[in-house]
Amino acid sequence: MTGQLDLFQGVKLAEPEPRTTVKLGRKAAQVPLRKKRREAVTRLMEILKELEGKDIFLGSYSAGGGHFWLDNLKLSKLKVESFRTKRDEACLPSVIVLFGNKGACVRIFADDLLAVREQEYQDYYHYLLDFWNGFSQSPINSYRSHYACLAVTKFKG
């Protein structure tokens, strides 16, 4: 059978949109997260572009263990690199790497980024990156915490 036709030749398989199940009593709904993630990553890239070359401090909190992983880690003269899964510039980065001087670096995996919150105080700006992996009872990815927050702090002046 050398002349057999391939039914799936030229068919592009699409990835399913990440969803999480939200339950309220007996009712459940599947919530799509792609739009919120796209908005959050776009806003994060805008913020990091403004912060490039400046000194920042990082702190993180994970609800999985209820403890801080980082607390006021200083990245001097911030440099930002982003890596995309596709060569297309319209594709959002899946990994964002923040470099400081003396070899310091922090990798941000943007696939669980859900929101970017901004807070301004008298002496500094606080950017809070919320990572959400579903509820603790039914996570989307079982190898990650269901909620984490990365705080980026930049002092005024």
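Among the numbered criteria (1) surrounded by 10 or more Cβ atoms within 10 Å (Cβ to Cβ); (2) at pLDDT below 65; (3) out of contact with any Leu (no Cβ under 6 Å at 6 or more places or on another chain), which single criterion is violated by residue 11?
(1)
How many residues are open to solvent by less than 50 Å² (accessible area, probe 1.4 Å) and modelled with pLDDT of 85 or more if we restrict to segment 121-146?
5
Report yes if residue 118 is at pLDDT 90 or above and among the acidic types (Asp, Glu), otherwise no.
yes
Residue-by-condition table, conditions (1) loosely packed, with under 15 Cβ neighbours inside 10 Å; (2) at pLDDT below 80:
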| residue | (1), (2) |
| --- | --- |
| 18 | no, yes |
| 22 | yes, yes |
| 43 | no, no |
| 65 | yes, yes |
| 68 | yes, yes |
| 86 | yes, yes |
| 94 | no, no |
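All but one of (1) over 17 Å from the mean Cα position of the chain (by Cα); (2) farther than 22 Å from residue 155 by Cα; (3) at pLDDT 65 or above; (4) aromatic (Phe, Trp, Tyr) hold for residue 57; which doesn't?
In the conditions (1) over 17 Å from the mean Cα position of the chain (by Cα); (2) farther than 22 Å from residue 155 by Cα; (3) at pLDDT 65 or above; (4) aromatic (Phe, Trp, Tyr), residue 57 misses (2) alone.
Given the structure, is residue 32 in contact with a helix residue (DSSP H, G or I) (Cβ under 7 Å, 6 or more places away or on another chain) and either at pLDDT below 85 or open to solvent by less than 80 Å² (accessible area, probe 1.4 Å) (or both)?
So residue 32 fails the test.
Taking segment 70-84 as the region of interest, how many residues are modelled with pLDDT under 85, more than 13 Å from residue 150 (Cα to Cα) and among the charged types (D, E, K, R)?
1
The values are calculated or read from the model by the stated rules, or taken from the named source; none is laboratory data. What you see is a predicted model; the values in this text were computed from it and never measured. Counting neighbours? That spans all protein chains shown, and the Cβs are built from the backbone with ideal geometry, glycine included. Accessible surface is based on the protein model in full, side chains and every heavy atom, while ligands, DNA and RNA are left aside. Shrake-Rupley method; radii C 1.70, N 1.55, O 1.52, S 1.80 Å.
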